[in-house]
Amino acid sequence: MAAGGAFQVSHEGGGDNAVAGQGQPVWAELLTDGLTYDLVGLAPGSGVGTMDGAQRFGLREEQGLLDCEAIELRPGPHIVDGIGLPPVYRSLMAVGLALAELDGVVAVGWGGANTLMAPAWFTRVLGEWLAGGVFPALGLTAMVGEVDGGLQTRGLAMLAGHELRVEPSVAEDAKARAQVAVRLVDELVRQGVFVPEDGRRKIGEHALDLCLSRNGRFIRAFPASTETE
């Protein structure tokens, strides 16, 4: 069985208790490019929990999902430790793209960033990226504003090893800081491993220095003329 040529269903599970409504999920193993992923929460079994408090893209804030049931696409046991490797997460996202195009899909969530996207948003930005375009920072990562005016990502660490923090001094305008963050996320995902010695960047009119935070969690972006800590 196949969906859009992207994957094959190689195994199904769940048992009689799931069909009887006793809370055990029904699942299927999906095979693509020699890698397997588990699709969990299928009918007639119970679904998985929906994502509360997620940052939304292309979905109205008032658009409720309480009446929806969620299914979850997970890396198979043999590749779960390699989910941060480009061949693995790109393959996972390609399967997600095929699933998002099925009838009845209301929203697509990306758990690593705690984001929810309209199916049309997800298929457009992900399809463009998989075809060689810009990484969809607004969706596969979240942008979180801090009280000091800085901007931090959520979800980038899974793909690039660190989160990104754009310092308030990078630009006076919050929109400009967000645009810098989106461009930097794309570069960091393409680079894969951040090398502090190669921390100088030019993003539009902004000359930047990148360095690791003291705790190693963040790649911090400063104006190049500012002395970093």
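Here are some notes:
- G41 modelled with pLDDT of 75 or more, open to solvent by less than 50 Å² (accessible area, probe 1.4 Å) and not in a loop (DSSP other than H, G, I, E, B): yes
- Filter result for G84 (in contact with a helix residue (DSSP H, G or I) (Cβ under 7 Å, 6 or more places away or on another chain), surrounded by 18 or more Cβ atoms within 10 Å (Cβ to Cβ), within 22 Å of L164 (Cβ to Cβ) and of a type in the set (G, A, S)): no
- Answer from L59, L92, L102 - the residue that is open to solvent by 80 Å² or more (accessible area, probe 1.4 Å), under 22 Å from E128 (Cβ atoms) and either hydroxyl-bearing (S, T, Y) or modelled with pLDDT of 85 or more (or both): L102
- Contact map, the range 55-71: first residue in a loop (DSSP other than H, G, I, E, B), second residue among the acidic types (D, E) and open to solvent by less than 40 Å² (accessible area, probe 1.4 Å), Cβ cut-off under 8 Å, separation 6 or more or different chains; the map is empty.
- L65 passes every criterion in (1) at pLDDT below 85; (2) surrounded by 14 or more Cβ atoms within 10 Å (Cβ to Cβ); (3) more than 20 Å from F122 (Cα to Cα) apart from (3).
- Residues (open to solvent by less than 40 Å² (accessible area, probe 1.4 Å) and charged (D, E, K, R)) located in the range 179-210: D186, R201, D209
- Residue match in the range 38-52 (condition: within 20 Å of R154 (Cα to Cα) and either free of Cβ contacts under 8 Å to residues at least 12 places away in the same chain or not polar (S, T, N, Q) (or both)): yes
- Among the residues of the range 147-206, those identified as among the basic types (K, R) and without any contact (Cβ under 8 Å) to a residue 24 or more places away in the chain are K175, R183, R201, K202.
- Scanning the range 78-89 for residues that are part of a helix (DSSP H, G or I) and at pLDDT 85 or above yields P86, P87, V88, Y89.
The values are calculated or read from the model by the stated rules, or taken from the named source; none is laboratory data. Predicted model, so just to flag it, every value in this text is computed and none were measured. Positions of Cβ are generated from backbone atoms using ideal geometry, with glycine treated the same way; all protein chains shown enter the neighbour counts. The protein model used for the area step is the full one, side chains on, heavy atoms only, and it has no ligands, DNA or RNA in it. Shrake-Rupley method; radii C 1.70, N 1.55, O 1.52, S 1.80 Å.
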